[in-house]
1. In whole Hz, with x marking every Gly and Pro, tabulate ³J(HN,Hα) for segment 171-176 from phi via Karplus 6.51 cos²θ - 1.76 cosθ + 1.60, θ = phi - 60°.
2. For K529, which sequence-distant residues (separation of 5 or more, or a different chain) have an amide H within less than 5 Å of its own amide H, given hydrogens modelled in the peptide plane?
3. In segment 153-196, with Lys and Arg counted as +1 and Asp and Glu as -1 at Cβ, which of these residues, H153, Q169, N181, has the Cα nearest the positive end of the dipole, that is, farthest along it?
4. Between Y290 and R630, how high is the FRET efficiency from 1/(1 + (r/R0)^6) when r is the Cβ-Cβ distance and R₀ = 35 Å? Nearest 0.05.
5. Would you mind classifying segment 516-641 by shape? Square roots of the alpha carbon gyration tensor eigenvalues, ordered a ≥ b ≥ c; an a/c under 1.5 is rounded, otherwise it is prolate if a/b is larger than b/c and oblate if not.
6. Along Cα→Cβ, 7 Å out, is where each label goes; now give me the distance between the ones at R502 and N942 in nm to one decimal.
7. At A227 and N23, where each label point lies 7 Å from the Cα along Cα→Cβ, what is the point-to-point distance in nanometres?
8. Which entries of K529/K655; K491/K702; K598/K618; K707/K806; K618/K702 have Cα-Cα distances beyond 25 Å here?
Amino acid sequence: MLFPNGTPNNTPNHKIISNNEGNICSLLLKSIDDERIDILRSILTQIASKSDFHEQVDQICYNGGTVLHHAVARNSVDSVRTLLSAGVNPCIQNDNNNTAYRVAFSEEVKNAFVQELLQAVAQSNLGRVCQMISAGLNVDSIDAVDTGNTALHWAASYGNEDVVRILCQSGANVNALNTKNETALHDAVRRGNDAIVKCLLSYGADPNIKNRSGENCYELATKMGGAMLPSLSLNTLNRTIRRTTSMDSDIDRSSLISTDTTMMFVEKPSSSSVGRIENWTDLLWPQPKYIDLDERKLTYPYPKDGRLKIYFDKASSAEPRRLMQIIQMSAPILSSVHLELDYRGYAVRDQPALNGRITCGIFENGYCSGAYTLTINEDSIELYGEDHTGVRHGFSTLVQILRIFKECSEIVNWNTETSLETLHETLPESTIKITGTVNSEQPRKIGAIPCLTIRDSPDSSFRAVYQDFSGCKILNTETLLQLARRIAYCKASHLFVNFEVRTTDRYQLPYTTRDLFQITQVCDELFVKFVPSLDVQSSYTESDLLCRTIDSFLDDFPLTKAVHFGSNLAIMIISNRTILNSVQRRIPRIYVSVDINKNNASLINVLPPFVTICIEGKYPFEAENLLSSRLNVVLRFSTSDPGFLCAAPESVAKKALLATRLGSKFPILGAMVCDLSTGCEVMPPSLYYMSELASLGVCWNKSVDIKRFCFLLPRIAAEHFLLDGNMEALFKQMSTIGRVEHEITRFSYGLKTAESAGEMQEYSSSSSSNRKKPISVFVEMILNPDNMVLERLTPVIFKKARIELKRSLKALDQAKKRLPYNYELALVLAEIQIITELMVLACKLGQSLCTYGINPSLSPNDQKASFSSSDRVLQETTLVGYQMVNIGVSNLPSAVRTDLANRLLEIRSRFQHTWLSRNIANTLPNALKMFDNLFRALLPPNMQDYGRILL
């Protein structure tokens with residue numbers, strides 16, 4: 001596709017230049033080569049007034065980088081000084097991710113950069129100061145060896161308070177000494193600037209340090225007339241403040257200084273056992289409570305003919321036909337490993353051994369519903385459940401075992417080199433444990449299953465997945481049924497599907513009556529209770545209209561025995577017992593999602609026993625102090641953090657851990673993991689598989705070590721949701737993009753990288769904090785780029801995030817090479833690729849905003865005025881962050897905006913196909929609004945009409 005100017009959408013930024021620009025670039029390089037500083041200065045003077053000045057001088061003009069890179073490489077000190085004095089951007093990186101300062105090898109050239117920094121400090125040019133620091137200059141650089149004055153000394157002597165603050169926030173040593181043994185505070189006191197003195201004291205300046213004349217700041221202030229003594233007297237308070245603010249100095253420094261050794265967006269090192277499969281049983285999910293492997297290491301031969309012979313125990317109370325229906329639900333999964341079901345009738349005692357024989361039955365032994373016992377002997381398999389649900393769960397575990405060992409046997413015979421490193425790390429270990437022939441010359445027993453006994457039962461009777469269709473995302477029937485089969489395979493008990501209706505419009509659900517009947521029937525066969533959910537947009541609706549809406553909704557689900565009401569509808573229903581009782585006469589079990597507080601606690605605590613309330617699970621769990629222990633309570637967790645596109649691995653683990661620990665403090669029936677509708681609904685359902693698996697796993701077995709298993713979730717999700725353990729790389733990249741999103745947002749909010757799991761969530765959920773809840777940098781950038789505020793972020797941080805995301809794209813490309821011919825796997829891979837590319841685009845946009853932009857809310861005159869002390873308050877409230885940070889897309893060069901818009905169009909086109917594969921077709925226009933709004937913001941004003949034609 002071509003834009004009107006004829007520039008193809010795949011043309012890199014540095015190639016989108018005219019012939020004139022190319023000539024200027026060549027002239028600049030030529031003048032540097034010839035050491036013609038007069039010509040260089042003349043060219044820069046002529047083009048300085050042009051609007052595209054920075055596009056011409058800051059572009060990548062040769063293999064080594066920009067014109068400034070070339071001057072540094074030539075060791076031309078005069079050229080470097082001339083370029084810097086003309087305003088050339090020193091933050092631009094070459095293909096090796098190095099700024100011009102980073103490639104400087106002589107002290108003379110480095111000193112030229114330092115002099116530019118000191119000059120900017122003396123002139124209170126905040127934007128230039130931040131640029132120089134971001135380029136890699138040491139914030140404590142000195143002017144000369146014989147004087148030893150740092151940039152902070154210069155700021156205290158000549159600059160304003162804003163420059164002093166920026167240097168301190170950037171990690172400058174406030175107590176650095178010059179050759180006179182004086183600190184910057186000495187200079188500020190001698191200058192008599194009260195604001196700078198207070199600023200230095202607030203960042204920990206020590207007034208007791210004595211210079212070579214033996215004077216500390218108190219004595220110097222007295223000597224200068226005593227005007228500074230009141231400010232110095234606040235030293236005790238300021239030193240207390242310093243202990244608080246200095247904790248953030250490392251964060252601010254890491255966001256400003258471009259250090260190559262900074263470790264960002266990289267997983268923390270862990271012990272060798274974390275993230276590795278210690279035994280093949282680690283792949284079973286949910287983890288069975290009791291597994292007894294045969295000590296003699298006996299094995300059961302894998303069915304040679306690919307047929308499982310199903311027999312029914314005569315003594316069992318179960319009807320064979322019903323058992324056949326239950327077992328048959330696993331046939332599609334068994335077909336993935338080329339196994340078929342063969343029903344043989346009742347088992348006969350003393351029957352000779354038969355390869356692939358399985359005996360099933362139901363015996364009520366006093367365990368809870370869903371309990372089962374699975375025994376694998378040398379010649380047969382026995383499966384006995386407490387009830388029909390137990391048989392269903394037990395057979396799911398057996399299918400998992402059969403699939404694990406079938407795949408392992410294929411890997412043993414697989415002589416081709418795999419491109420997924422996880423196969424080298426985990427599956428061969430599993431195979432070794434299975435065959436027991438490590439370092440043995442005997443042939444391995446391919447596909448042999450170890451003899452074992454599993455006794456298992458659920459800890460929680462409520463293990464739910466919640467799908468919210470109140471926004472533009474509405475899964476089609478095929479995708480919803482596929483989700484039901486997947487969560488049933490992992491022993492879920494409930495599937496909630498939420499609909500939101502407008503009481504002002506005619507009542508209508510997005511599915512037909514036939515679709516709803518099919519969904520209900522399939523869930524019933526899977527032993528998953530389908531619970532329809534209803535909510536309205538308004539928190540107040542007239543009683544008559546409310547009753548009619550509820551009746552119409554229940555009429556669409558004649559077979560359901562449970563219903564759920566969202567937060568708006570729930571308050572109106574529990575406040576009106578007449579409506580509540582009328583619903584109960586039709587539906588025996590009612591679920592309501594409420595946020596309990598002191599105002600409604602008395603109303604909620606008297607709810608009848610047929611009502612179950614769904615409370616948000618968070619720490620601290622303040623609801624336990626308000627709820628009565630007589631209530632039926634379940635916890636609800638979101639699949640991702642509010643305000644974020646993806647869930648970080650740490651937050652997934654923390655929510656699963658909370659589900660177990662909160663249950664020990666208050667009687668909880670179980671947990672519900674919710675895929676909620678948000679303002680940015682481009683995330684595919686595959687992105688939340690690991691969150692759903694984690695919640696189901698801890699609800700079934702509360703004793704599972706989720707801190708360890710959270711690192712195994714990518715493999716477990718690939719094994720049981722995609723039915724292909726080789727596709728672990730897909731879910732690993734999901735974790736990567738979630739981690740990158742959370743880390744870059746932590747930097748934006750000034751938070752240190754979390755040492756413990758879920759620090760960001762604690763920050764956002766803390767009720768005592770007056771700070772705003774964190775919102776993902778990517779979400780803000782995609783939804784509202786023109787008002788984007790990028791605090792503490794630099795081009796370096798966005799660059800490193802983009803590099804990490806590109807590594808993910810490379811890993812996805814490698815996984816694609818090993819991808820079998822499977823539509824579902826290809827769709828999941830395409831979904832993850834699109835989201836990763838969208839985040840790469842957001843990083844590129846953020847990098848451009850930081851590199852090129854200025855604050856559009858300030859006019860050129862206002863920018864100079866904002867540096868003065870009188871306008872300091874306006875700057876601190878209106879302009880958050882630094883002058884060099886762009887808070888508006890309109891400030892980007894046209895070439896950059898065009899390049900970003902072209903890339904967004906390509907992502908948008910591919911997104912349409914994946915969206916229509918998962919969702920109802922009429923939801924596509926609303927889903928594309930996010931892309932369209934960003935596209936319009938990126939397009940230059942003179943291309944808006946053309947943009948409307950493209951969309």
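1. Residue by residue, segment 171-176 yields x, 5, 7, 5, 10, 5 Hz.
2. The list, which skips near neighbours in sequence, is H494, L495.
3. N181
4. 0.60
5. Details: a/c = 1.76, a/b = 1.26, b/c = 1.39.
Here segment 516-641 falls in the oblate category.
6. Calculated label separation equals 4.1 nm.
7. 5.7 nm
8. Numbers: K529/K655 23 Å; K491/K702 14 Å; K598/K618 17 Å; K707/K806 28 Å; K618/K702 17 Å.
K707/K806, as the Cα separations exceed 25 Å there.
Coordinate-derived values only; no laboratory data. Computed from a predicted model, the values in this text were never measured in an experiment. We place every Cβ from the backbone using ideal geometry, glycine too, and count neighbours over all the protein chains shown.
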